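Presented below is the structure to which this report refers.
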């Protein structure tokens, strides 16, 4: 029997430490095929490239590991991999490890989770891994046993169709354990920093502060991260509000 085929992508770029650490952590589980952006694409969510050509470049090919870079979005990377690059449909799609968490409603902005959601649309088990650590040289070693456990359980049990997992780790190097959580509600405020160009015009940088509305509730992912736990949140493709549908 052939080894499982694992597709890995991210939104920090193929040369980011997080994705290379993830490759090393899961390489024992099968053949690894990386298709990731050629640079940072944070906040890309499920965006796709439709006005410019998309190109890929082979970075490395050795026994059990193939790496491509792509000038498109994380979602483009998954689409390209499935249709043009992979030798067959993958058994599992992983995204990350992202430098910065993707908890709460930020999953809607996340290019990391865009990878997992796109794979989920294609009917493949998918997991997004993120850490609260943002440094480019951050150590993700503390996540290793948790990543291994989640990957092994998904290989063993699978996931419900149209559902993927969002896994976030706190900034500490020692975790209290792993909790199943729901998404925290919240909002971004003060999102634009206004500046003046030397030439006199006004321009803006996206910034802001996130405030969790219900992060004090112990069933939320923000509470878990704030209290030293790895947070695992199941994400469904179906965003239908069935209660409202029945009401209407």
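Here, each number is a calculation from the coordinates, and none is a lab measurement. Since this is a predicted model, take the numbers as computed values, not measurements. Note: ideal-geometry Cβ built from the backbone for every residue, glycine included; neighbour counts use all protein chains shown.
By counting other Cβ atoms within 10 Å of each Cβ, how are 11, 243, 219 ranked from fewest to most? Mind showing how you got there, number by number?
Working: 11 34, 243 8, 219 12.
Going from least to most buried by this count: 243, 219, 11.
Using Cα pairs under 8 angstrom and six or more residues apart, how large is the relative contact order of the chain, in percent? Each step should come with its number before you reach the end.
On the way: 549 pairs, mean separation 43.0, N = 248.
For the chain, the relative contact order is 17 percent.
Largest first, please: the extent of the C-alpha atoms of the chain along each principal axis, to the nearest Å.
56, 49, 46
If the elastic network links every pair of Cα atoms under 10 Å, which of 13, 200, 43 fluctuates the most in the Gaussian network model of the chain?
Per the Cα network of the chain with a 10 Å cutoff, 200 tops the list.
Quick check: residue separation of residue 185 and residue 197 times 0.36 nm, minus the Cα distance between them. What number comes out in nm?
On the way: separation 12, 0.36 × 12 = 4.32 nm, distance 3.60 nm.
That works out to 0.7 nm of additional length.
Grab the beta carbon distance between residue 244 and residue 62, set R0 = 41 Å, and tell me the FRET efficiency rounded to 0.05. Intermediate values should be presented prior to the final figure.
Values: r = 52 Å, r/R0 = 1.27.
Using R0 = 41 Å, I get an efficiency of 0.20.
At 0.890 mPa s and 25 °C, plugging the Kirkwood radius over alpha-carbon pairs of segment 1-135 into Stokes-Einstein gives what diffusion coefficient in µm²/s? Kindly include the intermediate steps, with their values, before the conclusion.
Details: Rh = 14.3 Å.
It comes out at roughly 172 µm²/s.
For an R0 of 25 angstrom, estimate the FRET efficiency from the Cβ-Cβ distance between residue 219 and residue 137 and round to the nearest 0.05. Let's see the in-between values first.
On the way: r = 34 Å, r/R0 = 1.35.
Result of the calculation: an efficiency of 0.15.
Counting other beta carbons within 10 Å of each residue's own, what order do 60, 236 fall into, fewest first? All intermediate terms of the calculation are to be shown ahead of the outcome.
Values: 60 10, 236 13.
The fewest-first ordering by Cβ neighbours comes to 60, 236.
Which value in nm describes the separation of the simple spin-label points at residue 88 and residue 52, placed 7 Å from the Cα toward the beta carbon?
3.6
Fewest to most neighbouring Cβ within 10 Å: what's the order for 241, 38, 137? Could the numbers behind the result be given before it?
Numbers: 241 10, 38 18, 137 7.
If I rank by nearby Cβ atoms, fewest first, I get 137, 241, 38.
Counting DSSP beta bridges with both partners in the chain, what percentage is antiparallel, nearest 5? If you can, show how the numbers build up before the last one.
Working: 21 of 50 bridges.
That works out to approximately 40 percent antiparallel.
Using a Gaussian network model of the chain whose springs link C-alpha atoms within less than 10 Å, name the residue from 57, 17, 122 with the highest mean-square fluctuation.
Residue with maximal mean-square fluctuation among 57, 17, 122: 57.
For segment 33-106, state the semi-axes of the equivalent ellipsoid (square roots of 5 times the eigenvalues of the alpha-carbon gyration tensor), sorted largest first and rounded to whole angstrom.
Ellipsoid semi-axes (Å, largest first): 21, 16, 12.
Roughly how many Å is it from the Cα centre of segment 33-60 to that of segment 80-148, as a whole number?
Their Cα centres are 14 Å away from one another.
Roughly speaking, what is the centre-to-centre gap between segment 184-245 and segment 152-171 when only Cα atoms are used, to the nearest Å?
Here the answer is 22 Å between Cα centres.
Report the extension gain between residue 172 and residue 122 in nm, rounded to one decimal, defined as 0.36 nm multiplied by the number of residues separating them, less their alpha carbon distance.
On the way: separation 50, 0.36 × 50 = 18.00 nm, distance 3.45 nm.
My answer for the length gained is 14.6 nm.
Using only the alpha-carbon atoms of segment 89-204, report the extent along each of the three principal axes, biggest first, to the nearest angstrom.
Computed over the Cα atoms, the extents are 60, 35, 27 Å.
Under 16 Å from a point 7 Å along the Cα-to-Cβ line of residue 204: which residues of segment 151-193 have their amide N that close?
Correct set: 188-193.
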